[in-house]
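Input: a single structure, listed below in structure tokens.
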Amino acid sequence: MKAITTRRYGSPTVLKAEEVPDPVPKDDELLIKVHAVSLNQANLVLLKGKPFLARFAYGLLKPKHIIPGSDISGVVKAVGKQVKRFKPGDEVYADLSNYGFGTLAEYASVPEEALALKPANLSHLQAAAVPLASLTALQALRDAVRLQPGHRIMIYGSSGGVGTFAVQIAKAFGATVTAVCSKKHKENMKLLGADYILDYEKTDLTKYYRSFDAIVAINGYQPLATYKKLLNKNGVYVMVGGSVAQMFEAMLLGPIFTLASSKKLGNFLKKHNTEGLAELTNLIEEDKVRPLVDRVYPFQECKEAFTYLDQHHAYGKVIITIPN
Ligand SMILES: NC(=O)c1ccc[n+]([C@@H]2O[C@H](COP(=O)([O-])OP(=O)(O)OC[C@H]3O[C@@H](n4cnc5c(N)ncnc54)[C@H](OP(=O)(O)O)[C@@H]3O)[C@@H](O)[C@H]2O)c1
């Protein structure tokens, strides 16, 4: 089959199109014909081997997962002997970042536990945009900040892959949403349902007058002390993504701020869970959440797709389509 490979760490120029053997599913796996794949910042970490710490998981000197890509939407072609929930012909989607990546290819072997039925109202191209980014947003809102109807939430860096899902999921949960994005995305945030929209280039959050039950930082940077000030008594802040400084502040200062006040501040890491994907399928089929697709690239233009994602200015998701 045709696949994109990364046999050494580097920029998108190390990506190559190659013929590789077809995957052979184990007894608990399914063979999936891949239709579309979406890219996430995690795919850039695997491509570049940066930050260096990631190499302890992905291979110290060269990538151990040679086919990149983790979000997938496709059709079941064959099932292993132990597979119970799916049959050939089913349309499925998954996030394989915890299962060895390997989706930028014509076929992928996928463990049954990683898969969910694709939302019926989405094309494969749209469905591929959903798994990792939306699961991250769902878990950050539902499990980390425990968002409740009526809560006021700030979503900082709301216009990317994770942020566009976070705004919609927060609205579906009945929260009042303040989205922080650049000027060019203000109108888009309104369309997604945000109640208040702040331009990150113009707003001085140290002087901002509203306070929040929850703050989720997804892109960009603000001092942790500023976020702490913006939280209500018992408010919760989680750092999902953004600058490295943001991550270290949340990791090191978060526990200290938490001990010294009634507020809770810390990092968040997405866990794999297919049950979350089933919950998202419901929200999507009820039209409460929809994936935002910024750009679509054909398989042969993978390098361009990774390069675009690496600029950190996508509105929603970047998709690669796989030829039949
Ligand atoms: N913790 C976890 O488990 C987990 C899981 C998934 C992702 N992440 C992390 O979450 C982060 C976001 O992922 P993503 O998929 O949303 O990335 P993304 O799609 O690449 O984000 C792009 C968006 O970021 C916005 N942005 C860029 N600079 C900004 C700034 N200074 N302030 C506010 N917004 C800014 C851009 O808007 P403009 O073009 O308008 O600037 C663009 O819309 C990444 O750091 C990723 O590694 C963490």
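The values are calculated or read from the model by the stated rules, or taken from the named source; none is laboratory data. Predicted model only: the values in this text are computed from it and were never measured. No Cβ is skipped: glycine too gets one built from the backbone with ideal geometry, and neighbour counts run over all protein chains shown. Each accessible area value is taken on the protein alone, full model and side chains, heavy atoms only, with ligands, DNA and RNA left out. Shrake-Rupley method; radii C 1.70, N 1.55, O 1.52, S 1.80 Å.
Assorted remarks:
Okay, residues lined up against (1) modelled with pLDDT under 95; (2) more than 15 Å from the ligand (Cβ to nearest atom); (3) open to solvent by 20 Å² or more (accessible area, probe 1.4 Å); (4) among the acidic types (Asp, Glu):
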| site | (1), (2), (3), (4) |
| --- | --- |
| 288 | no, yes, yes, no |
| 301 | no, yes, yes, yes |
| 311 | no, no, yes, no |
| 323 | yes, yes, yes, no |
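- Options 306, 212: the member that is within 13 Å of the ligand (Cβ to nearest atom), crowded, with 18+ Cβ neighbours inside 10 Å and of a type in the set (A, V, I, L, M, F, W, C): 306
- Residues being open to solvent by less than 30 Å² (accessible area, probe 1.4 Å) and out of contact with any Asp or Glu (no Cβ under 9 Å at 6 or more places or on another chain) - total across the stretch 68-92: 4
- Scanning the stretch 170-180 for residues that are under 25 Å from residue 71 (Cα atoms) and crowded, with 24+ Cβ neighbours inside 10 Å returns a single hit, 170.
- Count of the stretch 264-293 residues which are hydrophobic (A, V, I, L, M, F, W, C) and part of a loop (DSSP other than H, G, I, E, B): 4
- Scanning the stretch 298-320 turns up at least one residue that is within 15 Å of the chain's Cα centre (by Cα) and among the charged types (D, E, K, R).
- Remark: pairs (first residue in the stretch 27-56, over 20 Å from residue 248 (Cβ atoms) and not assigned by TED's automatic domain parsing to the domain that holds residue 118; second residue within 11 Å of the ligand (Cβ to nearest atom) and open to solvent by less than 60 Å² (accessible area, probe 1.4 Å); Cβ separation under 9 Å; 6+ apart in sequence or on different chains) are absent.
- If you check 269, 283 for being open to solvent by less than 30 Å² (accessible area, probe 1.4 Å), among the hydrophobic types (A, V, I, L, M, F, W, C) and either within 17 Å of residue 146 (Cα to Cα) or outside the structural domain of residue 148 (by TED's automatic domain parsing) (or both), only one passes: 283.
- Selection status of residue 191, within 15 Å of the ligand (Cβ to nearest atom), without any contact (Cβ under 8 Å) to a residue 12 or more places away in the chain and not acidic (Asp, Glu): yes
- When each of 74, 89 is tested for being within 22 Å of residue 130 (Cα to Cα) and either among the acidic types (Asp, Glu) or without any contact (Cβ under 8 Å) to a residue 24 or more places away in the chain (or both), the lone residue that passes is 89.
- Test: residue in the stretch 294-306 that is of a type in the set (S, T, N, Q), part of a helix (DSSP H, G or I) and within 25 Å of residue 215 (Cα to Cα): no
- Out of 121, 98, sole residue that is open to solvent by 20 Å² or more (accessible area, probe 1.4 Å), within 15 Å of the ligand (Cβ to nearest atom) and in a loop (DSSP other than H, G, I, E, B): 98
- Per-region count, the stretch 251-270, residues within 16 Å of the ligand (Cβ to nearest atom) and not charged (D, E, K, R): 7
- Scanning the stretch 187-200 for residues that are touching a helix residue (DSSP H, G or I) at 6+ places or on another chain (Cβ under 7 Å) and open to solvent by 30 Å² or more (accessible area, probe 1.4 Å) yields a single hit, 197.
- Scanning the stretch 137-161 for residues that are open to solvent by less than 10 Å² (accessible area, probe 1.4 Å), part of a helix (DSSP H, G or I) and more than 9 Å from the ligand (Cβ to nearest atom) yields 138, 141.
- Residue in the stretch 169-181 that is near the ligand (Cβ under 9 Å from one of its atoms) and either over 19 Å from the mean Cα position of the chain (by Cα) or modelled with pLDDT of 95 or more (or both) present: yes
- Check on residue 315, open to solvent by 10 Å² or more (accessible area, probe 1.4 Å), touching an Asp or Glu at 6+ places or on another chain (Cβ under 6 Å), near the ligand (Cβ under 10 Å from one of its atoms) and not β-branched (Val, Ile, Thr): yes
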